[in-house]
Amino acid sequence: MNKKTHEVPKFKNESEEANWWASRAGRAYVKQKSAEAKSRGIETKGSNLVRKLNEKSSVQIAIRLPAADLAQARKIAEHKGIGYQTLMKMLVHEGLARESRRA
């Protein structure tokens with residue numbers, strides 16, 4: 001069986017890189033590397049940001065969002081191959097970091 005090997009291309013800018021990682025090719029690359037690591041007995045845990053966001057030190061809250069925003073978050077999360085709650089935590093984290101720099 002001949003498996004296609006995925007490679008990370010050279011990027012012109014951060015936006016191009018982000019789009020590639022969210023693309024089918026980027027997700028296939030991550031899955032391929034994860035499978036390779038698993039075959040060598042190495043447990044993969046995802047990125048450091050996702051790992052930190054999923055730590056048990058989180059506090060549970062309730063927030064009301066417009067249904068359209070939640071639907072869009074779920075669609076984006078599915079496209080990126082992550083859970084929508086993880087995506088929401090990432091967006092809150094990024095927004096807070098951005099606002100902290102402005103203050």
Residue list for region 37-52, restricted to those being surrounded by 12 or more Cβ atoms within 10 Å (Cβ to Cβ) and either modelled with pLDDT of 80 or more or more than 16 Å from the chain's Cα centre (by Cα) (or both): A37
Enumeration of residues in region 54-103 that are more than 26 Å from G26 (Cα to Cα), assigned to a loop (DSSP other than H, G, I, E, B) and either touching a residue at least 40 places away in the same chain (Cβ under 8 Å) or not aliphatic (A, V, I, L, M) (or both): K56, S57, S58, Q60, R64, P66
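Conditions tested, residue by residue: (1) at pLDDT 90 or above; (2) not aliphatic (A, V, I, L, M).
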| residue | (1), (2) |
| --- | --- |
| V59 | no, no |
| L70 | yes, no |
| I76 | yes, no |
| G81 | no, yes |
| T86 | no, yes |
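The values are calculated or read from the model by the stated rules, or taken from the named source; none is laboratory data. Just so it is clear, the structure is predicted and the values come from calculations on it, not from any experiment. Cβ coordinates were reconstructed from backbone atoms using ideal geometry, including for glycine residues, and neighbour counts include every protein chain displayed.
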